[in-house]
Amino acid sequence: MDTARTDEPVRHWMADGLRAVLRGLAAMGLAITNLPLLVVSVVVLALTPVPFLGLALVPWVTELVRMRANLERRLAARSGVFIARPYQPAPQGTLPGGWQRFRWIVVDPATWRDLAWLVPGAVVGFALGLISLAVPLYGVEGMTLLPLWIWLGTGRYGYGVSWPIDSLGEGFLSMPQGLLILAIGLAAAPWLRWVDAKFGRLFLAPTKAAGLRLRVTQLTVTRADTVDAQAAELRRIERDLHDGAQARLVSLGMTIGLAEEMVERDPATARRLLAEAREASGTALVELRHLVRGIHPPVLAERGLDGAIRALAHSLPVPTAVDAELSGRPDTPVESAAYFAVAEALANVSRHSGARTAWVTMRHADGLLSMTVGDDGAGGADPVAGTGLRGIERRLAAFDGTMALSSPPGGPTVVTMELPCALSSPKTTLSSGTD
């Protein structure tokens, strides 16, 4: 029996529990800041009638409240609860202390929902954080009672305020009891953080009306990005055709014309020109195949997404393992977007990461295609640095997809991509190739 594999779930469980306990401690500290923020907000709103004072202070204080709410949203995301930002986009060209900016903040329902969350959010967050911290600490106390009692001396009965012991037998019993309580605390901590995140979403998530406005804004942006990307792709295809295959076909036609003129007078020269024309036609055909492969790879049409990614991984200089479980195939546009997104991520691994190994996982569940590309390279990937990650985001956004990046300095780098789609038909061909 492989003990390493057996211990791995236990280590993950303990690590998740410890991280949840630390997030509970952070939630307690952040909860304490809610009350001062509420007091300052109420005072500033009361000063609104004062000329210029309210106009200047309300946006500044509101920004602090929104920063605090966004911290709560990030903590909720770490607990598996996504809370979108509901704020309306700021009007263009407004001064920080101007009337338009003040009105934009006051009429936004998210402003008042943030303020309404401060007190109940502080109470619930502090209480659940305290429970998630106190239960494991209580278990640790029980585990350390006997060693401390022996170290301090056998005459020191009754050690511990919350866990007294009156005999050596109780001291021995405190260790397994403390271990059990510690295990219960670590197991309950992630659930407590999830409950806190769910409670926060009641206040901090967008309303239906705000969600519709955000959706319209998102669709407007993604439509513009998609149009720009399509225009750039058309320009690339046009340039490749003009500079590559088209130029070779024009040269091919001229060579054949010269051969026609020379066939009567100089058959040897005509045969040489025809041989050149045959070679040029082969080169033009290769370039056209490369161009078509850049639009929709034949291997994708033949083998599907699973087989195409395996074939791509097999051709990379970095050893890449592929773990894919897809019971069918997405629609052709979605499948193409998924393929090129993974291909771009793997290209970044080969060019920039310095990795020794990489991996790709693909799963489909609940109408969502999830793809993960990771490597053990140097890390530090930044979408702003122009490594193609922005292109991946734009490609996925056209289909309401998302991309998340985790790349701390020193690695590993993990790119997580998700595309909402349905698998329309089961696979009819088996993918081949080594991972």
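For segment 303-420, the alpha carbon convex hull comes to 87 Å³ per residue, rounded to a whole number. Residue by residue, segment 354-360 carries 3J(HN,Hα) couplings of x, 7, 8, 9, 9, 8, 9 Hz when phi is fed to the Karplus relation 6.51 cos²θ - 1.76 cosθ + 1.60 (θ = phi - 60°); x denotes Gly or Pro. Computed from the C-beta positions of Leu179 and Leu285, the FRET efficiency with R₀ = 60 Å rounds to 0.25. Centroid-to-centroid, using Cα positions, segment 306-325 and segment 5-73 are 43 Å apart.
The numbers here are math on the coordinates, done by the rules we state, and not lab data. Given the structure is predicted, the values throughout are model-derived calculations rather than measurements. With ideal geometry, Cβ positions are generated from the backbone for all residues, glycine too; neighbour counts draw on all protein chains shown.
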